[in-house]
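The block underneath contains the structure these notes are about, expressed in structure tokens.
The values are calculated or read from the model by the stated rules, or taken from the named source; none is laboratory data. Quantities reported herein were computed from a predicted structural model and do not represent experimental measurements. We place every Cβ from the backbone using ideal geometry, glycine too, and count neighbours over all the protein chains shown. Note: accessible area is taken over every heavy atom of the protein model, side chains too, but ligands, DNA and RNA are not part of it. Shrake-Rupley method; radii C 1.70, N 1.55, O 1.52, S 1.80 Å.
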Amino acid sequence: MINMKLNGLGVTVEEGMTILEVANFYGFPIPTLCHMEGLSPYGACRLCVVEVGDGPRARLVTSCTSRAEEGMIVRTASNRVMKARMMILELLLASCPQSKIIQDLASKYQVRQQRFRQEHEDCIMCGLCVRMCEEQMMAKAIGFRGRGEKRSLGTPFDIKSEECRLCGGCIYVCPACQLRCTYTDPDKAICGGCANIHPPCYLKDKFDDMMCYMDPCVACEIKRD
Amino acid sequence: MTEVKDISGLCSTCNFAPNCIYRQGREGPIQYCEMFAEIIEQHTGAQGGLIATLEEIQARYGYLHPEALKMVAEKSGRSLVDVYGVATFYRAFSLKPRGKHLVSVCLGTACHVRGGPAIAQELERQLKISAGQTTPDNEFTLETVNCLGACALGPIIVIDGHYFSKVKTSMVADILHRAKTGLDRVEIITDQRIFPIEVGCARCNHSLMDPRHPIDGHPSIRVTVAFDQKHGWLALSGLYGSYNSDSEYDIPSDSEVQFFCPHCHAELIGGANCSECGAPMVPMIVRGGGIVQICSRRGCKGHMLDLSGALIF
Ligand code: SF4
Ligand code: FES
Ligand code: FES
């Protein structure tokens, strides 16, 4: 058992728990995006930052990837944490404003605007689908390719994967929803017709021979209106 | 190549290299060259084996064929996603065939301000391709890099490992021409570290140079060697920094050899030992003053030139 201080509260927790688990256990909310129970922690979105330590030596760490330690002093909602969190939300909004999950998080933290150049990314590189495919579906059909600004997500060689069993798990966990939609290129599609909202996909019949695993496929629903 | 027609449909992983042993006498289609298998087997199990395997395939074929990646994945028990991820992560790996000569133009900060982009443009214009592409005749692949660590000499072009410094646009045509005709030959004459020397025996002072037996286009250094109960002549390149040689018997690499003067038959041996491998050094007098010492172990490149020191026996 480990003794630590969580938001001023002395708590005793089991060894090996992450800060995120501890906070959840004691009812302190920490927003997460790339974390999912059942998948290994990844630390990609940085949304779950908390402040660890005291005074000038305090530092921000991602709670989903750090383990609780003896004598740790953790603050989950200090000024510094809130500032960092809001900035991360702004950045997420700047890259993928069409995501319902990101929108909800932003509104929860009163982020009404973002100050960066607006982009509409299909993928925020949270890695949820990759971990889903590997750890829960045991398929390893998709993964990251390239690096830096050219980093992208998909199957090797961008062709239909032999490993993929069309379970739809990747689409289910995707916070950007249209993660691997290939628009007008059905050959390469693994999942089906989950079309992007931006730019809109109007030729729905192109995807008729594919199955869509979103039920209902939100993107198409929105489009029809 | 003349038989391009016959081999179409066969494996093209090696870019139709003339020395491909699998193509000869085969009917198509061969999906991929079985030579991957060898390379892969060598590395499986070893730690960090994936990158080493890919590196070796890349070195052998110039690029990573999709079939090669699939085979690596299959044989090493990794998933294709991982292999593909690694292959696309590193700049050193190329998934597309590369030309015979790889031209890298530096566009790092220093080279950029010294006119790197103009050089890159000129190369693109002359090769009629843009960066990242290969000429249709498979001669050149052009790529840009960010700093080669020789900033003071910028703008820099590297072709097949040969550096060209302070390049001007007017030099580009010449450099490309030289690359095509073979850079290694040009190198010997321009490289300042390789120059002809003339040596003599440290004991009898007789010249050891043998003009009847030129190596690298210069008179060779002729000595008598003894190893393993064998006795014979050995001719070394007269170029300091060149390791070409010729001998009566094949000297097994790594064996220590005794050197003798063919004139006075004294053993050429000094007090010094090689700083690289510890074997005794063989001293010879350089005409015009100084001594040169070479390591007596076959294959060791330890050598030393001292133009001022007096020889103490
Ligand atoms: S649909 Fe295919 S790629 Fe997506 S999680 Fe399932 S197996 Fe993996
Ligand atoms: S939830 Fe911790 S970094 Fe994304
Ligand atoms: S910038 Fe070209 S070598 Fe450093």
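Reported count of residues in segment A:131-143, each being closer than 12 Å to residue B:83 by Cα and either within 16 Å of ligand 2 (Cβ to nearest atom) or of a type in the set (Lys, Arg) (or both), is 1.
If only residues of segment A:130-151 that are within 11 Å of residue A:164 (Cβ to Cβ) and touching a strand residue (DSSP E or B) at 6+ places or on another chain (Cβ under 9 Å) are counted, the one that is farthest from ligand 3 (Cβ to nearest atom) is A:133.
Residues in segment A:1-19 that are touching a helix residue (DSSP H, G or I) at 6+ places or on another chain (Cβ under 7 Å) and either acidic (Asp, Glu) or open to solvent by 50 Å² or more (accessible area, probe 1.4 Å) (or both): 0 in all. Which one is farthest from the other protein chains (Cβ to nearest Cβ) among residues in segment A:127-150 that are surrounded by fewer than 18 Cβ atoms within 10 Å (Cβ to Cβ) and of a type in the set (Gly, Ala, Ser)? Once the filter is applied, the top-ranked residue is A:148.
Segment A:1-91 holds strands (runs of 3 or more DSSP E) entirely within its bounds, and those carrying 1 or more residues that are of a type in the set (D, E, K, R) map to A:2-6, A:49-52, A:59-62, A:73-75.
Annotation note: Cβ proximity below 7 Å between a residue of segment B:76-88 that is facing another protein chain (nearest Cβ under 7 Å) and assigned to a helix (DSSP H, G or I) and a residue that is basic (Lys, Arg) and open to solvent by 30 Å² or more (accessible area, probe 1.4 Å) (sequence gap 6+ or interchain) occurs for B:80/B:70; B:81/A:140.
Test each condition in (1) under 27 Å from the mean Cα position of the chain (by Cα); (2) within 14 Å of another protein chain (Cβ to nearest Cβ) for residue B:66 and report the one that comes out false. (1) is the only condition that residue B:66 fails. Taking the listed residues A:67, A:46, the one that is within 19 Å of the chain's Cα centre (by Cα), away from ligand 1 (no atom under 16 Å from the Cβ), charged (D, E, K, R) and not assigned by TED's automatic domain parsing to the domain that holds residue A:143 is A:46, with no other qualifying. The residues of segment B:88-120 that are more than 16 Å from ligand 3 (Cβ to nearest atom) and not aromatic (Phe, Trp, Tyr), listed by number, are B:88, B:92, B:94, B:95, B:96, B:97, B:98, B:99, B:100, B:101, B:102.
Table: residues versus (1) open to solvent by less than 80 Å² (accessible area, probe 1.4 Å); (2) more than 12 Å from ligand 2 (Cβ to nearest atom).
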| residue | (1), (2) |
| --- | --- |
| A:21 | no, no |
| A:41 | yes, no |
| A:48 | yes, no |
| A:59 | no, yes |
| A:86 | yes, yes |
| A:97 | yes, yes |
| A:112 | no, yes |
| A:115 | no, yes |
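As for segment A:19-30, it holds at least one residue that is touching a residue at least 12 places away in the same chain (Cβ under 8 Å) and of a type in the set (Gly, Ala, Ser).
Could you list all residues from segment A:110-126 that are more than 14 Å from chain B (Cβ to nearest Cβ) and within 16 Å of the chain's Cα centre (by Cα)? Hits for segment A:110-126 are A:120, A:121, A:122, A:123, A:124, A:126.
Looking only at segment A:94-120, which residues are part of a helix (DSSP H, G or I) and either of a type in the set (Ser, Thr, Tyr) or farther than 14 Å from residue A:46 by Cβ (or both)?
First pass over segment A:94-120, keeping only residues part of a helix (DSSP H, G or I): A:94-95, A:100-108.
Correct list: A:94, A:95, A:100, A:101, A:103, A:104, A:106, A:107, A:108.
When segment B:112-128 is filtered for residues that are farther than 20 Å from residue B:181 by Cβ and out of contact with any Gly (no Cβ under 9 Å at 6 or more places or on another chain), the ones remaining, listed by number, are B:117, B:118, B:119, B:120, B:121, B:124, B:125.
For segment A:156-177, the set of residues classified as open to solvent by less than 20 Å² (accessible area, probe 1.4 Å) and closer than 14 Å to residue B:95 by Cβ consists of A:156 only. Hey, among the residues in segment B:95-104 that are touching a helix residue (DSSP H, G or I) at 6+ places or on another chain (Cβ under 7 Å) and crowded, with 17+ Cβ neighbours inside 10 Å, which one's nearest to the other protein chains (Cβ to nearest Cβ)? Among residues in segment B:95-104 that are touching a helix residue (DSSP H, G or I) at 6+ places or on another chain (Cβ under 7 Å) and crowded, with 17+ Cβ neighbours inside 10 Å, the one nearest to the other protein chains (Cβ to nearest Cβ) is B:103.
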